[in-house]
Structure formats: structure tokens, C-alpha cells
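Peer 1: Supplied in C-alpha cells, the structure appears directly below.
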Amino acid sequence: MAPGRLIAPILLLLSLSAPLIAAEAFGCKPADSWSLHLSIQATVSGRKYFFFTFKGMLLAEAEMRLSMKAGPDQSRIFSFHELQRRTYLLMTANRKATEMIVEIIGETPHEGQASGREVISEWEQAYPEWARNIHPEKRKSLPFVVAPSADAFSFKYDNGIVSDSACGLSPIYPWPSKDPMKLTIFDGLRAALSLYNHSPFGNATMGSTASQTFPIATALREICITILPQVRSEVEFTEASPLSLSYQYNRENHSAVLQCLGQAHPSTQVGKSFILDTYRREALLCLPGRQLLRDRISVFLTGTKGNSITIVIDLQNDSLQNIPL
């Protein structure tokens, strides 16, 4: 673990609101461009070795625009096009959370530092109970820049299953530092793609159902230790048996969109102090050609003393960008 820093595991926070689909908004014709979004929020507290209390928070946001081309056997190959929104990790430091750091991407170092200060200001308003414990001088914005890369970010999506993912995005801290500086948000986004480990589609006909059984603990651990390598020895997720899920297929508000929805509240122990409270996966297909419009996975874990972990990993076609979701 980095000196003087005790950082929480993560909370992968997702929106669970049902989509409102309007055929007129996009004519059920997918656009050529896509976006991939990851949102993470985590809070944790506890006691280590029976004596040392600790607490921490982590927030993360990453979104990129993707291009898509046809792959073998009706698969799709997604590739990085450009960044969208602010991309950052916000985390408290040391076991009493008396410091806070924002590591953020900017087009220039100064632009990144300014964006980081905006994130800090928003965080102060949203979490005053955490902010009052951190002196303003201990709230730091650390900018990173991203060098262009031919193999920036890509993955294959085949009937709901992601494979062959690659990440060549390497954020660089532009100023001298005695300690190595690394921003892990893009590696974390790649790790989160491992949640797409089964197909939600089945026969996917209106009114039908299909059951799936799949593991989840390995993916949760991979996300945690990728984003925060320094907690590798402290993060443990296990499962007595794979998660069982039933998918239902229904027409959305108009007949051209089919919703594939699977959700479960298993209350299954997945770690020493966490329970898998909710898993939800929602995919939207454009009929009759079964063209993908969206595939979103939500995971929510709860723990003792108000601890929680939540995740959103959301792949969506840009034709939905003006639709309230």
C-alpha cells in the first residue's frame, strides 16, 4: 500500500431507472457511434487488527465515444474514438480520510487541474460530512494527459459477451514527481468489461423468459484491484455458487424495441463484509433485425456500518442520447 494512504475498495454505482423509449426520437435505427460509461462510488469503514479504525471513499467517472465495425460471426468490434465528459478518480487518503486526491484527465495540465477543482467543489457540496474532516489544503487536484495511441481501447462484443479487450491508453502525469504517478481509470474500465460474461438474449422473443447462471465474484475483485492495486492483499470476493438470473423479454413503449431485462436480489455473501444486494442487466434490441441499442449492467453491494459498493457499466448507441433514461 502506498505510504500514508489507506483507500477504500470500490462502490460500483449504477442508475436503475427504467428507460423511456420514443420511436420518433431515433426511428429505431442505430447510429454509427457508441459510448461506454463507467461510474464508481465507494464508501467503507471498519477496524483493522482490532485496534486501528479506518474509513475511505472513492468516486470514479469514465466515458468514451466508440466506433464500431462488424467482426466475425456477427460479432462487433468496438474501438476508441474520443473521450467524453470528465474522466477522473477521486479518493480519500490515510486511514482517517483526512486527505483527498482527484486524479483527472485534461487536454492540458492546467485545464485538468481546473477541472479537478470543479470536481472537488461538487464533492464538497454532495458530501459535507466527509469534507468537514479534510482541510482545504489537503484537497488536491492532480492532472494527467493522455498520449494518442493506435491501440487506445478496443473489445469484441458477441451476443452480449465481451472478449479480446485491450487498453493502450496511458495517462501521463506531466510534472516532476519523486513518486511514480499512475491513473488507473482506463484499466478499471477494461476490467469492468468482464461483467459482460454471459448472453442476456436467449431466444429473445416477446413474452418469453430465459435463465442464466454465471459467476460474478472474480469480476468484482478484478475491478477493485485494477483501480486500486495497493489494496490487492485486502480485497477478497468469493461466492458459494454462481449467480442465477432469469431474463424476461418484453416490448418497450413501442413495438420496434425489445427489452431484455434480468434482475436479482440474491442477498448473497460475496466477501468478508459485503453482500450482493442487487444485480440488474438491461439490453435493448431494435426489431426486427435485433440490432443492439444498449446493454447496461448494474451491481450493488451492501456491507456493515453503512459500507456499500455499486457499479455502472453502460454500452449504448448514440441514437439514444436524447432519450430520458
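Peer 1: Can you pull out every residue in region 160-180 that is out of contact with any Asp or Glu (no Cβ under 9 Å at 6 or more places or on another chain), part of a loop (DSSP other than H, G, I, E, B) and not hydroxyl-bearing (Ser, Thr, Tyr)? Even if it seems obvious, please write down each step before you answer.
Peer 2: At the first step, the residues of region 160-180 found to be out of contact with any Asp or Glu (no Cβ under 9 Å at 6 or more places or on another chain) are 161-165, 170, 172, 174-180.
From the residues that got through so far, the ones that are part of a loop (DSSP other than H, G, I, E, B) too are 170, 174-180.
Residues satisfying the conditions are Pro174, Trp175, Pro176, Lys178, Asp179, Pro180.
Peer 1: Sticking with this one: Just checking, which of Ala283, Ala210 is more than 26 Å from Glu61 (Cβ to Cβ), part of a strand (DSSP E or B) and in contact with a Gly (Cβ under 9 Å, 6 or more places away or on another chain)? If you could, list the steps in order and put the result at the bottom.
Peer 2: Values: Ala283 fails: more than 26 Å from Glu61 (Cβ to Cβ).
Being more than 26 Å from Glu61 (Cβ to Cβ), part of a strand (DSSP E or B) and in contact with a Gly (Cβ under 9 Å, 6 or more places away or on another chain) holds for just one of Ala283, Ala210, which is Ala210.
Peer 1: What is the one condition in (1) among the aliphatic types (A, V, I, L, M); (2) crowded, with 18+ Cβ neighbours inside 10 Å; (3) farther than 22 Å from Lys305 by Cα that Ala114 does not satisfy?
Peer 2: Looking at each condition in turn, Ala114 falls short on (2).
Peer 1: Something else now. So which residues in region 213-242 are buried (at least 19 other Cβ atoms within 10 Å of the Cβ) and in a strand (DSSP E or B)?
Peer 2: Phe237, the sole residue that qualifies.
Peer 1: Ok, one more. Determine whether Leu183 is in contact with a Pro (Cβ under 6 Å, 6 or more places away or on another chain), among the hydrophobic types (A, V, I, L, M, F, W, C), surrounded by 21 or more Cβ atoms within 10 Å (Cβ to Cβ) and assigned to a loop (DSSP other than H, G, I, E, B). I'd like the intermediate steps shown before the answer.
Peer 2: On the way: in contact with a Pro (Cβ under 6 Å, 6 or more places away or on another chain): yes; among the hydrophobic types (A, V, I, L, M, F, W, C): yes; surrounded by 21 or more Cβ atoms within 10 Å (Cβ to Cβ): yes; assigned to a loop (DSSP other than H, G, I, E, B): yes.
When the stated conditions are applied, Leu183 passes them.
Peer 1: Step by step: first the residues of region 163-180, then only those that are surrounded by fewer than 16 Cβ atoms within 10 Å (Cβ to Cβ) and among the hydrophobic types (A, V, I, L, M, F, W, C), then the one that is farthest from Ile311 (Cα to Cα). Which residue is that?
Peer 2: My answer is Trp175.
Conditions (1) farther than 22 Å from Leu243 by Cβ; (2) surrounded by 19 or more Cβ atoms within 10 Å (Cβ to Cβ), marked per residue:
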residue	(1), (2)
Val102	yes, yes
Glu124	yes, no
Ile161	no, no
Ala192	no, yes
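Peer 1: Look at Leu58 and say whether it is farther than 30 Å from Glu129 by Cβ and either buried (at least 17 other Cβ atoms within 10 Å of the Cβ) or of a type in the set (A, V, I, L, M) (or both).
Peer 2: no
Peer 1: Given the criterion closer than 17 Å to Arg281 by Cα and modelled with pLDDT of 90 or more, identify the matching residue among Asn197, Asn203.
Peer 2: Working: Asn203 fails: modelled with pLDDT of 90 or more.
Matching residue, one of Asn197, Asn203: Asn197.
Peer 1: State all residues of region 276-325 that are under 20 Å from Asn250 (Cβ atoms), of a type in the set (D, E, K, R) and more than 16 Å from the chain's Cα centre (by Cα); if no residue qualifies, say none.
Peer 2: If the condition is that a residue be under 20 Å from Asn250 (Cβ atoms), of a type in the set (D, E, K, R) and more than 16 Å from the chain's Cα centre (by Cα), then Arg290 is the only one that fits.
The values are calculated or read from the model by the stated rules, or taken from the named source; none is laboratory data. As the structure is a computational prediction, the values presented were derived from the model and not from experiment. Here Cβ is always computed from backbone atoms with ideal geometry, including for glycine, and neighbour counts include all displayed protein chains.
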